[in-house]
Amino acid sequence: VLFTSSLRLNLTTPDTSLAAGDNATISQPVEGYNFQRIAQREFTASFWVKSTVTGTYSASFRNSGVDRSYVSNFTIAAANTWEKKTITVPASPSAGTWNYTNGIGLYVSITLATGTTFHTTANVWQTGNFLGTASNPNGVNTGATDFRIVGVEVDPGSVATEFEMVDIEAEFSAAQRYYWK
């Protein structure tokens, strides 16, 4: 799949000293109706990432009530190089506040930097609102930070499928259900 654009964070004002409650996170809410196909089932998230700052970053998956979180680490090994990342997440718990209709069913987040308030243990569903682990670098500590992400996809099961490009007409048609005059 050819990606012609990406989400880019081009930082010019660094934060060299994170407070406990600070975080820099890119998040995508998944509507409850779309979350239903992976709810309480194993799923796999995949994406392409490129950054000037290497290190062990975190991805988090949180429910609508942000009272259940799953954090997994991924490594950006080479600066300024596109790398594909794949994370398999075990079935979400039934406990907690989950939305299966037209609200937010799941937050999918990539954490560039996080204070200790949002740290947890990786690779297990936790009770609470967590975004990363202690190994997360401060990805916003230099004014030269350039972070890019593209091709984010969540699939049921343990296999990341090829990114599914949706044509603009289908995307527009799907979005029309939100229109109200």
* Go through region 36-49 residue by residue and turn each phi into a ³J(HN,Hα) via Karplus (6.51, -1.76, 1.60, θ = phi - 60°); whole Hz please, and just put x for glycine and proline. => 3, 5, 10, 4, 6, 9, 4, 9, 10, 9, 9, 6, 10, 9
* **Length added when fully stretched, Thr12-Asp167, from 0.36 nm per residue minus Cα-Cα** => 52.3 nm
* Selection from Thr4, Val30, Val66 lying farthest towards where the dipole of region 1-157 points positive, charges on Cβ -> Thr4
* Asked: Nearest 0.05, what FRET efficiency do Val1 and Gln40 give at R0 = 41 Å with Cβ-Cβ as r?
  -> 0.90
* Structure fact -> Between Thr88 and Ala19, the two model label points (7 Å from Cα along the beta-carbon direction) sit apart by a distance in nm of 4.1 nm
* Structure fact -> For region 130-138, in residue order, the Karplus 3J(HN,Hα) values (coefficients 6.51, -1.76, 1.60; θ = phi - 60°; whole Hz; Gly and Pro = x) are 10, 10, x, 10, 5, 7, 4, x, 7
* To do: Quick one: which residues, 5 or more positions from Asn23 or on another chain, have an amide H under 5 Å from its amide H? H modelled 1.01 Å from N in the peptide plane, none for Pro or chain starts.
  => Gly115
* Amide H to amide H, which residues 5 or more places from Val30 or on other chains are under 5 Å from it, using H placed in the peptide plane? -> Gly105, Leu106, Tyr107, Val108
* Taking the Cα centre of the chain as origin, sum charge times position over the Cβ atoms of Lys and Arg (+1) and Asp and Glu (-1), and report the length of that vector in debye to the nearest 20. => 220 debye
* To do: Collect residues whose amide H, placed 1.01 Å from N in the peptide plane, falls under 5 Å from the amide H of Asn141; neighbours closer than 5 in sequence don't count.
  => Asp15
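Rule-based calculations on the coordinates, nothing more; no lab input. All values derive from a computational prediction rather than experimental measurement. Reconstructed Cβ throughout: ideal geometry from the backbone, glycine too, with neighbour counts over all protein chains shown.
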